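S.K.: Got a structure here, written out as structure tokens. Questions coming.
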């Protein structure tokens, strides 16, 4: 079982909680542009296996390419891919691929329910560690920071399931 979603990691300098001197507000420089790293990703909560690929755009064709990446990672497995109802996930261009690969099942979440998609917690983690309170002078700097986080995840497979599958009332882990 895999959870899938797309993320646009923007350089809009998101503010988050931070320690500052009393009466002083944290200020973050901004470029005024809105560049973004566009990611497609899956997470297997049971194993901590993560697949994330960067694309130039988020379209049905790039989603099809991402499905091929998943197929390559799990060539002989029955896959249940849980995802939201974005238009790119319902595109007609996907029909031949799904017909040719009957062991790949797309299961759609109810509308407006991102809380049910575990990969959303991966994107939140990425934003907390990479984007919040940070100035990026250009898109290359964002992509580099995202790359560092993704390499960190490769060594954190045991932490991923507990981080993504936290139940209400569980202590927060950072």
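S.K.: Provide 105, 72 in ascending order of the number of other Cβ atoms located within 10 Å of each residue's Cβ, fewest first.
M.R.: So the residues, fewest neighbours to most, are 72, 105.
S.K.: Run through every distinct alpha carbon pair of the stretch 45-174 and return the Kirkwood hydrodynamic radius in angstroms, one decimal place.
M.R.: One decimal place: 16.6 Å for the Kirkwood radius.
S.K.: First measure r as the distance between the Cβ atoms of residue 124 and residue 157, then evaluate 1/(1 + (r/R0)^6) with R0 = 22 Å and state the FRET efficiency to the nearest 0.05.
M.R.: That pair, residue 124 with residue 157, gives E of 0.75.
S.K.: Just how far, in whole angstrom, is the stretch 114-167 from the stretch 33-93 if you go by their alpha carbon centroids?
M.R.: Answer, in whole Å: 16.
Just so you know, all these numbers are worked out from the coordinates, no wet-lab data involved. The model shown is predicted, which means the values in this text are computed figures rather than measured ones. So basically every Cβ, Gly included, is an ideal-geometry build from the backbone, and we count neighbours across all protein chains shown.
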